[in-house]
Every structure is written in structure tokens, then in C-alpha cells.
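Trainee: Below you will find the structure I want to go over with you.
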Amino acid sequence: MARYGSHVFTTYPFISLLLTFRLIATDVTDVPKFGELINNVTASVGREATLACVVDDLATYKVAWLRVDTQTILTIASHVITKNHRIGVTHSDHRTWYLHVRDVRESDRGWYMCQINTDPMKSQIGYLEVVVPPDILDYPTSTDMVVREGTNVTLRCAATGSPQPTVTWRREGGESIPMGAGQEASVEGAVFNITRVNRLHMGAYLCIATNGVPPTVSKRIMLIVHFPPMIWIQNQLVGAHEGQQMTLECHSEAYPKSINYWTRDKGEIIAQGGKYEPVLLDNAYKVHMKLTIRVVAPSDFGSYKCVSKNSLGDTDGSIKLYRIPSPSTSPKSVIVTTQSSSSIDQDKSTNKLQKDSDDPGLYKQQTNEIMDIADPEKVTRGRGDATDLKLREKLWENSRSPPLVPVPSFSCQIFIVFAVIIVWSNIQARFLV
């Protein structure tokens, strides 16, 4: 006869039903047996789990399902005994008996027994494994953090689930994580320690929890690193031609974000508009500063400063713009021919005489001339011109010589001499008186 344990009869008000179950089984001569072992079942929380018990030659015997750890009768034949509404029982041709556990909970994990009311009792057990997808707890897990550069940082990620999840840290954008002397794509463990954090650690991190039960979960934690401004200048001395367009550049790093601007030698701020065009290109904590001078003028040469300020400090960098001489042709040897001093003195009269000449088309003012000795034809022509110039100078000298004056007669000469003597005598007499 079947035996279910004395505490079952004292606990549940189904004694009469069980007695009937035992009396019916007394007159049966064929003994049933289990056709298969009960397969262990794994189910996720919230899903339905089904355990199957196969019995051959059941005849008038009955099959019952029990919870082993609590010795609780769940079902007998097609009847559900427990008050748990999530439990159900079905069968297939009275051979395969199914125990259904709907909306599975973690508390449903454990051993379940399929029992036949033979004498002695026959039973076999199967295990229900309940798995729980990973979950990240809000309270013990770190939230967004703001730290000063150079301090030590600890990030925590508290995850639950069954089986126990593994925790992996990654950067949101997939970048490597600076770790000591190297770089790591990811860091394993629920606790992530960073020694002497710097600006390269700044960014969003993902705490990823997984245990093989979908779905995998993650939490985003933002790490913000504060540091004062720093400026880097690639070229501190820049040359430019007058009239060309020139761009000066500075690179600034700071967080919280900095105020950036350009100044001249005396500290005046360069504003947008006019000949200047300042441009700022932001990328996280980095700023690329550009100052374009559309047309460089002489007043633009000198020193320029790029300035960066935030709540933690300020700094500046200096760039000097110097003048580059405008490009010119390569120097060549030259021959210089000049007029004689007498010719220069005669320029005005020469011009006048040439204007009054019979042929106005021959008017040509004499000037200095520079000839390139690299051109033999010019040199030959220049020498001929020089010879002509000397000949013309001689002709002009002869033409400007004074006209001939008639010589006075001898008597006139005597008269002049006596007149001079008389005048001189009168002058002496007056001084003696």
C-alpha cells in the first residue's frame, strides 16, 4: 500500500481521498513501473516550467506529484491538491503525467517527486532549475563621478542574477582604457580601480553584467575629470608677406570648459569681424583655436596671445608674426651710363634748343640709363648711344661758346687809360683832405 508520511495526513484535509486512493490500489495485481527518468528542467523567471513523468502499466494506480524539500503534495491523478494557483497537472493517455509550474519564481527552484501508490511506494525525482537574468542594483552601484586630476577613483557595479553574473567594464565608444603602462579594451570585476586618474580616463563607462541568461544588462557611468587649462602651440614664430592671408593656431585643453580668446601685444581682445576671423573648434575637453588675418598689413606684425581660462586657472601662449620681404627677381650685374656734369647743367637749355630745332621728332631728353650686361645686343647698342652722347655734348659746347667781340682802336685805349688815372687821382685827393 502507498505511504505518504504521517505529517501529510495531519496537515492536509484530504485523508478520506488518500484512503480511497490506497483501497483502490489494493485489488490490483499488475504492478506499474516508470518508463523513463524525469529530465531536469531549467526555466527563466516568469516563464513556465514542465516536468514529465512516464509510467507504464498504471492500470488503476494513481500518480502524485510532491515537492521534496517541503514534502508538500501538489497533485494526485488529475486533481491539484495545493492551493498554489500556479501549479497544474495534465496527462497523455494516462501514461505521461506533466507537472506545470507557471510564472516561475526563484522560490520554485528544487527537487520534485513523481510517486506511484504501489506497495512499496515507487518514486523518482527531477530538478527544476530557475535562472534569473542579470540585474544591476542602483544603490551599491556608482553613479556619475566628478574628480580632480591626479586622484584615485573606484567604480563599483553591483549585479544580481542566477547564476551569479560576471561584470565587465568597457568604454562607451569602444576606446581602450589606460591602465598603468598599457591599454586595456576591458576590465573584469565588480570593482574598477583607477590610480592617479587623468584627462585620458574621462568619458562614459559601461558596467556590463551577463550570466548566460538573456538579456544582458548594462549601466552607463560618466567619469568627469577636472583640470586647469593647458595650451600647446606648434609654431611660436610665424612669417608672412604683406597682403597675404595668414592663420595662427593654438591648442587648448581644460575642464570645466574654458573661455578662449586672442589678444594683441597690449592686451586688447581681438573681436570677430573686420580683418580678423577667430574660430574655435570644440572636441570634449580639447579646443582648437584659430585666428585668420585676411590681409596682412604692416600694423599686423608683432605678438599675439591665445588665452584660456576656467574656474581652476588660466594660461596663455604667445605667437610672434614677423615680416618676410616680398619675393623679387634675382639680382643681375648692370652697366650704368651717366651724363657729364656739364651736360646736366645744360639740361634746361638743351631741352629748349631741342624743342626749337627744325625736326620736333628728334626731341629727346638725356637721362641716366641702366643696361643689363646679360644682353650683348643691349650692351652694343648702349655703347653706341654713349658715343653719340659724347659727340652731341661736344657740339652743344661749341654752339654755346661766346660770340666774338670787336677789339677797340689804339686811340680809344689811350683815352680809357687817362680817364682811369684822372678818376683815381681825384679819389686820393679827397682822402688826403
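Trainee: In the set 294, 220, which member is of a type in the set (D, E, K, R) and under 26 Å from residue 140 (Cα atoms)?
Mentor: Being of a type in the set (D, E, K, R) and under 26 Å from residue 140 (Cα atoms) holds for just one of 294, 220, which is 220.
Trainee: Filter region 199-241 for residues that are assigned to a loop (DSSP other than H, G, I, E, B) and open to solvent by 50 Å² or more (accessible area, probe 1.4 Å) and give the result.
Mentor: 212, 214, 215, 216, 234, 235, 236, 241, listed by residue number.
Trainee: If residue 69 satisfies all but one of (1) open to solvent by 60 Å² or more (accessible area, probe 1.4 Å); (2) in contact (Cβ under 8 Å) with a residue 60 or more places away in the chain, what's the number of the condition it fails?
Mentor: Result: residue 69 fails condition (2) only.
Trainee: Residues of region 222-260 being aliphatic (A, V, I, L, M) and either touching an Asp or Glu at 6+ places or on another chain (Cβ under 6 Å) or within 16 Å of residue 296 (Cβ to Cβ) (or both), which ones?
Mentor: Listed by number, the residues that qualify are 222, 225, 230, 237, 238, 240, 246, 248.
Trainee: Please list, ordered by first then second residue, the pairs with beta carbon atoms under 8 Å, 6 or more apart or interchain, first in region 193-208 and free of Cβ contacts under 8 Å to residues at least 24 places away in the same chain, second surrounded by fewer than 18 Cβ atoms within 10 Å (Cβ to Cβ) and not in a helix (DSSP H, G or I).
Mentor: From residues that are free of Cβ contacts under 8 Å to residues at least 24 places away in the same chain, the pairs are 200/178.
Trainee: Among the residues of region 46-96, which ones are in contact with a strand residue (DSSP E or B) (Cβ under 6 Å, 6 or more places away or on another chain), of a type in the set (Gly, Ala, Ser) and within 21 Å of residue 130 (Cβ to Cβ)?
Mentor: Selection gives 49, 52, 88.
Trainee: Taking residue 109, is it in contact with an Asp or Glu (Cβ under 6 Å, 6 or more places away or on another chain) and either open to solvent by 40 Å² or more (accessible area, probe 1.4 Å) or over 11 Å from residue 63 (Cα atoms) (or both)?
Mentor: Spelling it out, it is not the case that residue 109 is in contact with an Asp or Glu (Cβ under 6 Å, 6 or more places away or on another chain) and either open to solvent by 40 Å² or more (accessible area, probe 1.4 Å) or over 11 Å from residue 63 (Cα atoms) (or both).
Trainee: I would also like to ask the following. Looking only at strands (runs of 3 or more DSSP E) that fall completely inside region 122-196, which ones have 3 or more residues that are open to solvent by less than 80 Å² (accessible area, probe 1.4 Å)?
Mentor: 122-136, 153-156, 159-162, 166-171, 177-179, 191-194
Trainee: Now a separate question. Which condition from (1) closer than 30 Å to residue 223 by Cβ; (2) surrounded by 15 or more Cβ atoms within 10 Å (Cβ to Cβ); (3) at pLDDT 95 or above is the one that residue 285 breaks?
Mentor: (3)
Trainee: For region 294-311, name all the residues that are assigned to a strand (DSSP E or B), touching a Pro at 6+ places or on another chain (Cβ under 9 Å) and surrounded by fewer than 18 Cβ atoms within 10 Å (Cβ to Cβ).
Mentor: Passing the criteria: only 309.
Trainee: Next question. What tally of residues in region 177-213 results from selecting those that are within 30 Å of residue 42 (Cβ to Cβ) and of a type in the set (D, E, K, R)?
Mentor: Adding up the residues that qualify gives 1.
Trainee: Can you tell me which residues in region 73-102 are open to solvent by less than 20 Å² (accessible area, probe 1.4 Å) and touching an Asp or Glu at 6+ places or on another chain (Cβ under 6 Å)?
Mentor: Within region 73-102, 86, 101 qualify.
Trainee: Right, another one. May I ask you to list the residues in region 242-262 that are more than 21 Å from residue 312 (Cα to Cα) and open to solvent by 60 Å² or more (accessible area, probe 1.4 Å)?
Mentor: Matches in region 242-262: 242, 245, 249.
Trainee: If you check 159, 190, 185, which single one turns out to be under 21 Å from the mean Cα position of the chain (by Cα) and more than 30 Å from residue 312 (Cβ to Cβ)?
Mentor: After applying the criteria, what remains is 185.
Trainee: Could you identify the single residue in 314, 265 that is open to solvent by 50 Å² or more (accessible area, probe 1.4 Å), modelled with pLDDT of 95 or more and either more than 28 Å from residue 148 (Cα to Cα) or touching a strand residue (DSSP E or B) at 6+ places or on another chain (Cβ under 8 Å) (or both)?
Mentor: Going through 314, 265 in turn, just one is open to solvent by 50 Å² or more (accessible area, probe 1.4 Å), modelled with pLDDT of 95 or more and either more than 28 Å from residue 148 (Cα to Cα) or touching a strand residue (DSSP E or B) at 6+ places or on another chain (Cβ under 8 Å) (or both): 314.
The values are calculated or read from the model by the stated rules, or taken from the named source; none is laboratory data. Quick caveat, the model's predicted, so the values are computed rather than measured. Every residue, glycine among them, receives a Cβ derived from its backbone with ideal geometry; neighbour counts consider all protein chains shown. Ligands, DNA and RNA are stripped out before the accessible areas are found, and what is left, the full protein with its side chains, is counted by its heavy atoms. Shrake-Rupley method; radii C 1.70, N 1.55, O 1.52, S 1.80 Å.
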